[in-house]
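What follows draws every value from the coordinates through simple rules; no lab data is involved. Small disclaimer: the values here were computed from a predicted structure and weren't measured. Cβ coordinates were reconstructed from backbone atoms using ideal geometry, including for glycine residues, and neighbour counts include every protein chain displayed.
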Amino acid sequence: MNETKPKKGKKVIFPIILGLVLVGALIFTVKEYIYYQSHEVTDDAQIDADISSVVARVGGYVKEIRFQDNQYVKAGDTLVVLDDRDFKIRQQQAEAALASAKHSVDVSQANVTEAKTAMATAHANIEAAKVQVWKTAQDFERFQNLYNDRAITKAQYDDAKAAMEAAEAQLAVAQSQVPVQAKKVSANQTQVSATASNIASRQADIDYARLQLSYTVIVAPASGIVSKRSIQVGQLVQAGQTLFAVVHENDIYVTANFKETQMDHLEVGEKVDLKVDAFPEHAIEGTVQSFSGATGAKFSLLPPDNATGNFVKVVQRIPVKIALHADSTLVDKLRPGMSVKVVVHTK
């Protein structure tokens, strides 16, 4: 009789434990169902930030490096100085060419002034020749009357006629000089315009040389942390070569890659709970800020082409940008690339 009682007790306890397990599982299932009806969760997320890759705009030897790896810098701080002697010589050459062009303009302008003076002299010679023609014509008329009255000799008459014809010839010569001087004025004025346009070109050369010279001093494009340095003092860098990167401060955000099946309930402005793997004890809040214009696959190096006939349906993910509302101490510790768990409170 004593052996049957424990067996009956065991038979009673087992259904009770099983019932409690089933009730607990049911409660957990209902709780999770209710939770996921108002939340969207993903752990395919990471900290992101704006990162500026700094490249050399001119080639040259590295003269100075004024920062340490992973140092905080402010926008406009001088970080790298290249050897600028070649660029200074080019600037001096451009300035010398400008001075020469200005001198050429002065010479051309002087030639214009000289040509205008010569033209004025030609007009004056015409007026003087006209006066001489008038005087010799009057003298010839008098001498002709005297010759007709046989008061003078034939030689005197011929001298008066020759003087009149010489004056007329001198007038013709003076008149022919005016077009010649006018052409000289026009040609010299054209030369002035051509030389003046050369000044603008020489000034542009100076501006370009100064711009190239300014590129030998490389400054921080934004405030943040300098990383990924790839240069050393004395190294020859080429134009377009990446020197280092600056991770912007105060531009930390989260990029969460949600499945396309989760997008139906996501809206801009929804509250987000974030948990960074590196700081599991710190709760961070955020807000859904924007959605990517395409799935991540479309931005890949080799986007899938479903028209090739080898289509396999895969759930795509869409990047969602989440703005952070964290305290400043934690923001300073966050680094791009850290893994994050994201929970969105859907409306």
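Dividing the alpha-carbon Rg of the range 252-347 by 2.2 N^0.38 Å yields what?
Rounded to two decimals, the normalised Rg is 1.25.
Just need the relative contact order of the range 85-214 here, percent rounded to a whole number, with Cα pairs under 8 Å and 6+ apart.
Values: 105 pairs, mean separation 65.9, N = 130.
Rounded, it is 51 percent for the range 85-214.
Just to confirm a number: summing +1 for Lys and Arg and -1 for Asp and Glu over residues other than Gln316 whose beta-carbon lies under 9 angstrom from that of Gln316, what do you get?
Residues near Gln316 contribute +2 overall.
How high is the relative contact order of the chain? Use alpha-carbon pairs under 8 Å, at least six apart in sequence, and give a whole percent. Intermediate values should be presented prior to the final figure.
Numbers: 522 pairs, mean separation 107.4, N = 347.
Worked out over the chain, it gives 31 percent.
Could you tell me, in Å, what Rg and Dmax come out for the Cα atoms of the chain?
Both quantities, over Cα of the chain: 48.0, 195 Å.
Two decimals, Cα atoms only, Kirkwood Rh: what is Rg/Rh over the range 14-113?
Across the range 14-113, the Cα-based Rg/Rh ratio is 1.63.
Can you give the relative contact order of the range 189-347 as a percent, counting alpha carbon pairs under 8 Å and 6+ residues apart?
The normalised contact order for the range 189-347 reaches 26 percent.
Taking the range 75-211, how many lysine pairs are there with alpha carbons less than 27 Å apart, if each pair must be eight or more places apart or span two chains?
Lysine pairs meeting the criterion: 13.
For the residue pair Trp134 and Leu18, what label-to-label distance in nm results when each label sits 7 Å from Cα along the Cα-to-beta-carbon direction?
It works out to 14.6 nm between the two label points.
What are the trypsin sites (Lys or Arg not before Pro) within the range 121-168 that DSSP puts in a loop, where the Cβ has at most 10 other Cβ atoms within 10 Å?
Arg150
When all alpha-carbon pairs of the range 85-214 are counted, what percent fall beyond 22 Å? Before the final figure, lay out the partial values.
Working: 5212 of 8385 pairs.
Summing the P(r) tail past 22 Å for the range 85-214 gives 62 percent.
Give the long-range amide H neighbours of Phe258: residues separated by 5 or more places, or on another chain, with amide H under 5 Å away, using H modelled in the peptide plane at 1.01 Å from N.
HN-HN under 5 Å from Phe258: Ile318, Val320.
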